[in-house]
1. Inspect all residues belonging to region 44-65 and state whether any of them is aromatic (Phe, Trp, Tyr), surrounded by fewer than 17 Cβ atoms within 10 Å (Cβ to Cβ) and touching a Phe, Trp or Tyr at 6+ places or on another chain (Cβ under 9 Å).
2. Just a yes or no: is a residue in region 59-74 acidic (Asp, Glu), assigned to a helix (DSSP H, G or I) and at pLDDT 95 or above?
3. Please indicate, with yes or no, whether at least one residue in region 87-102 is surrounded by fewer than 15 Cβ atoms within 10 Å (Cβ to Cβ) and closer than 22 Å to Ile5 by Cα.
4. Which residue is nearest to Leu79 (Cα to Cα), if the candidates are limited to region 21-42 and must be out of contact with any Pro (no Cβ under 6 Å at 6 or more places or on another chain), at pLDDT 85 or above and in a strand (DSSP E or B)?
5. Return the total of residues in region 18-56 being in contact with a helix residue (DSSP H, G or I) (Cβ under 9 Å, 6 or more places away or on another chain) and among the aliphatic types (A, V, I, L, M).
Amino acid sequence: MDTIIPFCEHKHREDGRIWLSVEDDVVVFRCKWPFDLDTNEWIEIENQFDRVKYVRAIESLIAHGAVKIEGKGSGYLALAAVAPNRIRLEVVAGGRERVPELHNLTLNLSAADLLPRVS
């Protein structure tokens, strides 16, 4: 059972989701997004980012409109504000031989939605 509560989540209109959570001092990006629902093919991605560097990068996204965040081991998360409350996402997973990736997905989120909540 998943006991980690995401601070940000974007659901696909039919099935699948992208979510971000904080686990210790790490921001974890997870994605289970349909590639082809008819053939049950999925894009599954996970990457981890240093929490402090991630928060600074999102603050930069808010100020400048685009950012690329390097993963802790490998891969990255690139974000660009393309309209108010619309973020374009590109992600490459970290730590796998065959690296999954997702490009040019636009989410109905603001840059501020991507900041972890302070508890």
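The values are calculated or read from the model by the stated rules, or taken from the named source; none is laboratory data. What you see is a predicted model; the values in this text were computed from it and never measured. Cβ placement follows ideal geometry from the backbone for every residue including glycine, while neighbour counts extend to all protein chains displayed.
1. Keep residues of region 44-65 that are aromatic (Phe, Trp, Tyr), which gives 49, 54.
Among the residues that remain, those that are also surrounded by fewer than 17 Cβ atoms within 10 Å (Cβ to Cβ) are: none.
Checking region 44-65: not a single residue is aromatic (Phe, Trp, Tyr), surrounded by fewer than 17 Cβ atoms within 10 Å (Cβ to Cβ) and touching a Phe, Trp or Tyr at 6+ places or on another chain (Cβ under 9 Å).
2. The first filter runs over region 59-74 and keeps only residues acidic (Asp, Glu), leaving 59, 70.
Now restrict to residues that are assigned to a helix (DSSP H, G or I): 59.
The next check asks that each one be at pLDDT 95 or above; those that pass are 59.
Yes, some residue in region 59-74 is acidic (Asp, Glu), assigned to a helix (DSSP H, G or I) and at pLDDT 95 or above.
3. Start the filter on region 87-102 by keeping residues that are surrounded by fewer than 15 Cβ atoms within 10 Å (Cβ to Cβ), which leaves 95-99, 101.
Narrowing the set further to residues that are closer than 22 Å to Ile5 by Cα leaves none.
Scanning region 87-102, I find no residue that is surrounded by fewer than 15 Cβ atoms within 10 Å (Cβ to Cβ) and closer than 22 Å to Ile5 by Cα, so the answer is no.
4. By that ranking, first place goes to Phe29.
5. Count: 4.
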